[in-house]
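Notes for the one structure printed next.
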């Protein structure tokens, strides 16, 4: 008995999708393996996390004590330290050569990359996850252990994990697209590093890396909530330490809208830049 | 006889470094501008923090701004003019590029530490002086005290950096380790020490001298105390002497790279 023939037109898209997914999964795996090949380097970087966590633990311990309040900005001391642990892990986990698109544009390597059988942005996206995941997890492991040690409590619950994880995935995707957008400016400006620098500083202040947005003056808090920086740092960290089902939908919606807007900008910029691409030499 | 000649050499070295930094105007302005923005962001953070919690362990926003001003000016002078005391300086030793400094009839130590510049660090100097003048609004005496103490901080940071870089004479490429140690000093220099426990404070007055570099100077600027001032000056001199000894002891272990190169 032979199997009934399936019309090719109906089978191919699913097959192609699986093949495409497998292709980027391989990119992810290779990138992950490269990161894991140098564990010492990864752990050495966490020394800085130790210093930062120690300083912020001292700062918040003192502030809570002097204010005589159980919560500040709606967070207990333990939640505050875990909040810092998560925001620091997000920022510090970005690979140093996150701006390699910038380099490829300036050196002309991008022309070769575009000729390869993959979508360039998806390739970089898969690569980013492979690089960032182990960096994020090692940084968070150290930062969270220190937050627990310094506060004597675990600031994240099971529901926090459930709500924080999707927010984190969206946050890292938004960060990737924003960094990509900045890198693509290399088509027009000589050096894009200063733009990334400014972006990082905005994440630090307006993103709520050092101070949860609830502790901002009212006007600044409103502005910070509208801007995309809080979607990268504040939203996932807040969801992890202070899971609130009622607020979850609103914050995730904010992230999804930010992601969509940034994705459109990045794609438009990429397509536009692609048309401007000139390849010289062989 | 030798002291005036060494002082003249140091003066010329600093002047040459400043001119080298400004050779590429646009690059210079951009680097300096971004460093000013970077430092200013920290002041914004502290402004936000103190707008919510006005006093922390007796520290106000003005005190933290003074702390940042001393740290930024100190680092600006140290790393801006004496770029080889940054962790990257270890590369010069490891790759055998000390030959260049050894072959010339000038003070090897001064020539080595002043053999590189960090353009962005000039932004620290601009920020430090600017923010101190704008926020603290000092009188002439306070400004003079600020400049002297910032220069003491610079010498402490140069000496500490030199000792860290000198580790390369014994341990090979210590750039990564040096980076971590430098990060620790930078970070601790910019937070009020009163936040920390006594044992940590002891560490910050000995192993990582952030206490003498920025904390004590801030207390002196806040309220002048000749005894503390003398302590800072004496500590600065002692650390400089120790760093010089460590460097020359390490230099005896230096192995030439037989490298033929010109110094840019």
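Nothing in this text is a laboratory measurement; each read-out follows from the coordinates by a stated rule. None of these values were measured; they are calculated from a predicted model. When we count neighbours, we look across all protein chains shown, and the Cβ atoms used for this are built from the backbone with ideal geometry, even at glycine.
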Can you tell me the orientation of helix B:140-171 relative to chain B, as the angle in degrees between its alpha-carbon axis and the longest Cα principal axis, to the nearest 10? 40
Nearest 10 degrees, 0 to 90: helix A:77-92 Cα axis against chain A principal axis: 30
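Packing-wise, with mean Cβ within 10 Å as the measure, how do B:222-229, B:186-193 rank, highest first?
Highest mean packing first, the order is B:186-193, B:222-229.
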When the C-alpha atoms of the stretch B:177-250 are aligned to their principal axes, what extent does each axis show, in angstrom, from largest down? 40, 26, 18
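When the gyration tensor of the stretch A:183-282 is built from Cα positions, what are the square roots of 5 times its three eigenvalues, in whole Å, from largest to smallest?
Over the Cα atoms of the stretch A:183-282, the semi-axes work out to 33, 16, 10 Å.
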Taking Rh as the Kirkwood radius computed over C-alpha pairs, what is the Stokes-Einstein D of the stretch A:171-239 at 10 °C in a medium of viscosity 1.306 mPa s, expressed in µm² per second? 126
Principal axis dimensions, the stretch A:89-141 - Cα atoms, whole angstrom, descending: 39, 21, 10
Shape call for the stretch A:22-68 from the C-alpha gyration tensor, a ≥ b ≥ c root eigenvalues: rounded (a/c under 1.5), prolate (a/b greater than b/c) or oblate? oblate
Using the scaling law 2.2 N^0.38 Å as the reference, what is the normalised Cα Rg of the stretch A:45-88? 1.17
extent check for the stretch B:120-236: Cα max minus min per principal axis, descending, whole Å, gives 48, 35, 25
Dividing the alpha-carbon radius of gyration of the stretch A:146-201 by 2.2 N^0.38 Å, where N counts its residues, gives 1.71
Averaged over A:188-196, how many beta carbons belonging to a partner chain fall within 10 Å of each residue's beta carbon? 1
Cα-Cα pairs in chain A separated by more than 26 Å, as a whole percent of all pairs, come to 50
To test your reading of the geometry: what angle, between 0 and 90 degrees and rounded to tens, separates the Cα axis of helix A:158-184 from the longest principal axis of chain A? 60
In Å and from the alpha-carbon atoms only, list the Rg and Dmax of the stretch A:104-190. 18.0, 54
For q = 0.10, 0.12, 0.13 Å⁻¹, what log10 I(q)/I(0) does the protein assembly as shown give under the Debye formula with an equal point scatterer on each alpha carbon and no solvent? -0.94, -1.30, -1.47
Counting only other chains, and only Cβ atoms inside 10 Å, what mean value do you get across the residues of B:40-53? 4
Need one number for the stretch A:121-259: average projected area of the convex hull over its C-alpha atoms, nm². 9.6
From the square roots a ≥ b ≥ c of the eigenvalues of the alpha-carbon gyration tensor of the stretch A:30-152, which class results: rounded (a/c under 1.5), prolate (a/b over b/c), or oblate? prolate
Coarse-grained scattering of chain B at q = 0.09, 0.10, 0.14, 0.17 Å⁻¹, given as base-10 log I(q)/I(0) from a Debye sum over alpha-carbon atoms: -0.42, -0.52, -1.00, -1.41
For peptide B:56-69, the mean count of other chain Cβ atoms within 10 Å per residue Cβ is 1
Find the Rg to Rh ratio for the stretch B:69-150, where Rh is the Kirkwood radius over alpha-carbon pairs and Rg uses the same atoms. 1.14
